[in-house]
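Please treat every number below as a calculation from the coordinates, not as lab data. Predicted, not measured: the structure shown is a model, and the values here were computed from it. Don't worry about glycine lacking a Cβ; one is built from the backbone with ideal geometry, like all the others, and counts go over all protein chains shown.
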Amino acid sequence: MNRIALAVLLASLLLPLRAQTPFTGDSLPIITLPDAQNIACQIPGQSGVVLVEIWASWCQPCRQRNVELNRILRQLDTAQTDLSKLTVVGVSLDSSKTIWKKAIINDRLHWDVQLIDTGRLNGVVSDSWGVTYLPYNFLVLDGVIRAQSLSGEELKKRLEVLLIR
């Protein structure tokens, strides 16, 4: 075996194993992360419609998506949709809890649950869910992924369908 082939083989054996991003229709694997009070929470442990929004304070597109999601939630607060059916879970990939908490305040994230994975893109979220870029999200119904990586009007339309009264 030549040296290059041997080096490639050894490198592939030594690389950490990372989960493949689950497909739409799969169950989203349950993970446990701390909230702002350092209480361990399981996600997507909630039943019903759950939007898991994965973001970080250092990610400018994430911060823009936070503003967009807040706007969508305000627009969905109508007589035609039932927001009480929706749980929004923010999962930050920040390494600093202090900076994360400031971003929550600055972005006015009044979502149901805010969790943090201080491993950034090498943490539990990436290892269990295969997330390799930000922003990212999973739209989950009773533990099953209905859609992922949604934004803007596409996200709004999917939520409208799931939250209809």
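What the table shows:
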{"quantity": "Antiparallel %, DSSP beta bridges [both residues in region 3-162], to 5", "calculated": "60"}
{"quantity": "The chain: calculated mean residue ellipticity at 222 nm from DSSP helix runs of at least 4, using -39500 (n - 2.57)", "calculated": "-10500 deg cm²/dmol"}
{"quantity": "Environment charge at Thr32 (Cβ cut-off 13 Å; Lys +1, Arg +1, Asp -1, Glu -1)", "calculated": "-3"}
{"quantity": "Proxy reagent accessibility, fewest Cβ within 10 Å first, across Glu154, Glu53, Glu160", "calculated": "Glu154, Glu160, Glu53"}
{"quantity": "Exposure proxy ranking, count of Cβ atoms within 10 Å, fewest first, for Ile105, Ile116", "calculated": "Ile105, Ile116"}
{"quantity": "Given (i) 1.14; (ii) 1.42; (iii) 1.47, the label whose value is Cα Rg over 2.2 N^0.38 Å derived from this model", "calculated": "(i)"}
{"quantity": "For Cys41, Cys62, order by how many other beta-carbon atoms lie within 10 Å, fewest first", "calculated": "Cys41, Cys62"}
